[in-house]
Structures are given as C-alpha cells and as structure tokens.
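Student: Submitted below is the structure of interest, expressed as structure tokens.
The values are calculated or read from the model by the stated rules, or taken from the named source; none is laboratory data. Nothing here was measured: the structure is a model prediction, and the numbers come from that model. Positions of Cβ are backbone-derived with ideal geometry, glycine not excepted, and every protein chain shown enters the neighbour counts.
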Amino acid sequence: MGWEGGGENCGGVGEIDGVIGYSLSVIGYRCIGGSVIGCWARGFMSGGAIRSFEDLECWKASRDVRTFVAEEVVPVLPRDEKYRLGDQILRAARSITANIAEGYGRFHYADNAKFISNSRGSAWEVLDHLITAQDEHLISPELAQAGRERIHRCLKLLNGYMSFLKHKAAPPKTNN
C-alpha cells in the first residue's frame, strides 16, 4: 500500500500511527511532529468491516474522553461547580462523540468533514475547561494531565480522519 495525501495538522504532539475507518473502508495514517504525512486505504480492520461510527478509532478515543470527564472529572468538582463548569465540560465532551456520529450519517465526505471539524473544536474546548479547572485548583495537575493525554490522542485520530475525508471529497486530479 502506498502513501497518499498528507500535510494536515494532527494535533501537534509526538508521533502516532493508527487506523481509522469510514463506511466500508479503513484508513491508516502516520503522524510525525504534528502532521499527517500520509494515509492509505484498506478494506477491513482487525475486527471486521466498519459497520457503524462505533467502529471508528476516532470515535472510540472520543468516547474515552467523554467517559473520563463524566466519571473522573465532574465527580471531583465542588458541588457548586458541578452545575457550572461541570455542565460545560460534560456538554463539550458529549459533543465530540455526537458530532462524529452525526457526520458519519451524512451522505457526502465533505458533510462528514464539517462535523469532524466541530468535534475537534469541542475537544479543544474540553482541554480549555480542564486547564481552567486546574488553574482554579478544582482538579489536580495529575487529573488535568491525564485528560490532556486523552484529548491529544483523540485530536490526532480526528485529524487523521479529517485528512482522509478531505482527500476523498476533493475532485480527482486530471493530467492536462
């Protein structure tokens, strides 16, 4: 399999190889130094065909962020903050997975890409809320760091998926 595409920012942290899926295709990608340097398509994941948004690795990573926020962050917030910051961070975390699911249900790659862009924005919003909670001494630095690591993994996968969708949505190049 050869490399295709590239150049999209994948979150700016470290190096990652991974697999993401769309419809009945699975896409592999490689990120180095914050950029997707290539992606390629295959027919199956190591568990079968992609049948639902639930099979997408970016959705699984986003679900991990959402459950982390719901189960580990919100419960440690002071009671009055559970209804302020807690509500905001939980809504943003839920928005990440919800936008992936909604985009997956769209007919065109470009429509899907718009929803993945919304998911990325929500992931960055969750990170900002974690930073706020740490700055205001509502959560420990260790808890904030654990959230940061989950969010960066999520962003890398979302950006790889975005790169694939943009590549698929682009009109074919002609040799003139």
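Student: Need the failing condition index for residue 165 against (1) free of Cβ contacts under 8 Å to residues at least 24 places away in the same chain; (2) in contact with a helix residue (DSSP H, G or I) (Cβ under 8 Å, 6 or more places away or on another chain), just the number.
Tutor: Among (1) free of Cβ contacts under 8 Å to residues at least 24 places away in the same chain; (2) in contact with a helix residue (DSSP H, G or I) (Cβ under 8 Å, 6 or more places away or on another chain), residue 165 violates only (1).
Student: How do the pairs read when you match residues in region 131-155 that are under 19 Å from residue 71 (Cβ atoms) and at pLDDT 95 or above with residues anywhere that are among the aromatic types (Phe, Trp, Tyr) and surrounded by 15 or more Cβ atoms within 10 Å (Cβ to Cβ), using Cβ under 7 Å and keeping only pairs 6 or more apart or on different chains?
Tutor: Correct list of pairs: 147/68; 150/68.
Student: A further question on this structure: Checking the conditions here, which among 91, 106 is more than 14 Å from the chain's Cα centre (by Cα) and either outside any helix (DSSP H, G or I) or under 13 Å from residue 157 (Cα atoms) (or both)?
Tutor: Result of the check over 91, 106: 106.
Student: Let me ask something additional. Kindly indicate whether residue 22 is out of contact with any helix residue (DSSP H, G or I) (no Cβ under 6 Å at 6 or more places or on another chain), modelled with pLDDT under 95, over 21 Å from residue 146 (Cβ atoms) and surrounded by 19 or more Cβ atoms within 10 Å (Cβ to Cβ).
Tutor: yes
Student: Could you tell me which residue of region 47-84 is modelled with the lowest pLDDT, considering only residues that are part of a helix (DSSP H, G or I) and over 21 Å from the mean Cα position of the chain (by Cα)?
Tutor: 82
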